[in-house]
There are 2 protein chains.
Amino acid sequence: MTSHDNDAFKPIATVDLAIFSLSPAGLSVLLVRRANAPFSGDWALPGGWIHIDEDADLEAAARRVLKEKTGVETPYLEQLQTTGSRTRDPRGWSISIVYIALLSADDVAERQGGMAGEAEWRPIGGEGVGLSLAFDHAALLKEALGRIRSKVEYSSLPGHLLPVHFTLSELQSVYETLLGRKLDKSAFRKRMAEADFLEPVEGEMRRASNRPAQMFRLKDAQSLALFDRTL
Amino acid sequence: MTSHDNDAFKPIATVDLAIFSLSPAGLSVLLVRRANAPFSGDWALPGGWIHIDEDADLEAAARRVLKEKTGVETPYLEQLQTTGSRTRDPRGWSISIVYIALLSADDVAERQGGMAGEAEWRPIGGEGVGLSLAFDHAALLKEALGRIRSKVEYSSLPGHLLPVHFTLSELQSVYETLLGRKLDKSAFRKRMAEADFLEPVEGEMRRASNRPAQMFRLKDAQSLALFDRTL
DNA sequence: AGAATAGTGTCTTTGAGACACTATACC
DNA sequence: GGTATAGTGTCTCAAAGACACTATTCT
């Protein structure tokens, strides 16, 4: 047995989540207020220790944290990156494995009030949430935003933030919000048709005081589809 | 203090590296033969425990391992992903943070024989090295290859595998090797000029029994430049 | 001059963007 | 018919690929 089987030499390991959804104000992230030291009272990304007796693997740990904080079980979930250093947590050498989760608007609507206490959706303004966050979470959130904004250009990512059924106009609107620029309707529809990650919901139409619109759903709500080219 | 300050609840944490270079047979990866259990005698990606008294952060740990195994200090280094589960290491719940390193051909030439014993360059054939590897390292290597192959399409990645000075023809040839297809010379040169990550080495020319070729170097040997569009 | 590779110019085709048009509902 | 949004067609322009041509060295 080496000295490293002595647990005093092991770093601390947590899983932290950047959980995103759409609110009327645009893209929002879920933050929790810390109850305990360190950083007691500060806002932070939801997270928790890895439970080696309970979690089969890292993704299971991330899903457990997500379930605890939001009640949602099967969102889009992707590993972002891992940070670790001697100084990021005053309690000692610490590692954080960060995941990004995208919640469908349906999930968010269902869970109104059913969320863990002291958790709150904060809209994203420019670089972040305009709050100082615990640990290095402000930097982690910035990384997560960078990843999301870059993926909007070449993936089905925005579709995972909408309700399960949506129209092409609604989808285009989310792309425009996240990209911060207008897209051409004709070109957009051509790209969606090529990309082939949507399927029409037969018979379902969005009705209003105008021509009804075909509703669509993602062919696979668990994974992103990537485009050949950029939008 | 919670029960998780008891170290028996902490997972094991290691840093593992997929170190790539170019050999006459094409892209190669550095493997080491394990001296101790578990998987004693098997080939594995080079790696090691995080030394919480010595490593300031994860990247420092990766650089330390790289230096120990190859002697190289400043290659291109990027975090790939983190795996962790109860079953991947028989000693217990274990996390591996995986990094990709790209070694310049100059570094490899210098270190001939200066490498740690029982380390060996293995050429990549299709999906992997054609060996069964310790732990889940075969899957990790496959992920690393996927990342590399995808980045060749839209980044300066191949330039990091060449000697510090190289010609455009040599660079094109590496792109072609990694992509597995031929590229048009004219289009390739236009793209490289736009991408703007190369600078000519004034006065230096590759001489042979034909027209001499201008030599180039990367403007930044530590980071990748990304293209707007795909090759 | 011939061989070999470096480096550039041109033509054709493809695809994205701009924009206008048609379609179908409610009022 | 008027209005509002859905959905499609067309034209233009720019970028990418194919390919041919010129340039420069050594033998």
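The values are calculated or read from the model by the stated rules, or taken from the named source; none is laboratory data. Because the structure is a prediction, the values reported are computed rather than measured. Glycine also receives a Cβ, built like all others from the backbone with ideal geometry; neighbour counts cover every protein chain displayed.
Among the residues of region A:194-226, those that are at pLDDT 95 or above and either within 12 Å of DNA strand D (Cβ to nearest atom) or in a strand (DSSP E or B) (or both) comprise A:Leu198, A:Glu199, A:Pro200, A:Val201, A:Arg211, A:Pro212, A:Ala213, A:Gln214, A:Met215, A:Phe216, A:Arg217, A:Leu218.
Screening A:Val174 with (1) aliphatic (A, V, I, L, M); (2) within 12 Å of DNA strand D (Cβ to nearest atom); (3) surrounded by 15 or more Cβ atoms within 10 Å (Cβ to Cβ) gives one miss only, at (2). Only residues that are within 16 Å of DNA strand C (Cβ to nearest atom), of a type outside the set (Ser, Thr, Tyr) and not in a helix (DSSP H, G or I) were counted across region B:141-180, and they come to 5.
When B:Ala134, B:Ala119, B:Ala60, B:Ala105 are checked against the criterion of being among the small types (Gly, Ala, Ser) and within 13 Å of chain A (Cβ to nearest Cβ), a single residue qualifies: B:Ala60.
Reported count of residues in region A:133-178, each being among the polar types (S, T, N, Q) and under 22 Å from B:Thr230 (Cβ atoms), is 3.
Is it the case that B:Pro163 is without any contact (Cβ under 8 Å) to a residue 60 or more places away in the chain, more than 14 Å from every other protein chain (Cβ to nearest Cβ), surrounded by 11 or more Cβ atoms within 10 Å (Cβ to Cβ) and near DNA strand D (Cβ under 10 Å from one of its atoms)? Criteria not met by B:Pro163.
Against the condition surrounded by 15 or more Cβ atoms within 10 Å (Cβ to Cβ) and either within 12 Å of DNA strand D (Cβ to nearest atom) or over 23 Å from B:Ser23 (Cβ atoms) (or both), how does B:Leu179 come out, does it pass? No: the conditions fail for B:Leu179. For first residues located in region B:173-193 and without any contact (Cβ under 8 Å) to a residue 60 or more places away in the chain and more than 14 Å from chain A (Cβ to nearest Cβ), partners that are within 9 Å of DNA strand D (Cβ to nearest atom) and in a helix (DSSP H, G or I) and lie 6+ apart or on another chain with Cβ distances below 8 Å form the pairs B:Tyr175/B:Phe188.
Just to be sure before I move on: is A:Glu78 touching a Lys or Arg at 6+ places or on another chain (Cβ under 9 Å) and more than 13 Å from chain B (Cβ to nearest Cβ) in the structure I sent? It would help to see each step written out before you state the result.
Values: touching a Lys or Arg at 6+ places or on another chain (Cβ under 9 Å): yes; more than 13 Å from chain B (Cβ to nearest Cβ): no.
Considered against the rule, which asks whether it is touching a Lys or Arg at 6+ places or on another chain (Cβ under 9 Å) and more than 13 Å from chain B (Cβ to nearest Cβ), A:Glu78 comes out as no.
Within this structure, B:Leu168 fails the test of being under 15 Å from B:Ser21 (Cβ atoms), in the same structural domain as B:Ala193 (by TED's automatic domain parsing) and either in contact (Cβ under 8 Å) with a residue 40 or more places away in the chain or surrounded by fewer than 20 Cβ atoms within 10 Å (Cβ to Cβ) (or both). Go through the residues of region A:104-112 one by one and say whether even a single one is surrounded by fewer than 21 Cβ atoms within 10 Å (Cβ to Cβ), modelled with pLDDT of 95 or more and of a type in the set (Lys, Arg). Checked against the condition, which is being surrounded by fewer than 21 Cβ atoms within 10 Å (Cβ to Cβ), modelled with pLDDT of 95 or more and of a type in the set (Lys, Arg), region A:104-112 yields no hits at all.
Given the criterion more than 15 Å from DNA strand C (Cβ to nearest atom), within 23 Å of B:Gly26 (Cβ to Cβ), of a type outside the set (Phe, Trp, Tyr) and surrounded by fewer than 18 Cβ atoms within 10 Å (Cβ to Cβ), identify the matching residue among B:Ala213, B:Ala208, B:Ala221.
On the way: B:Ala213 fails: more than 15 Å from DNA strand C (Cβ to nearest atom); B:Ala208 fails: more than 15 Å from DNA strand C (Cβ to nearest atom).
Result of the check over B:Ala213, B:Ala208, B:Ala221: B:Ala221.
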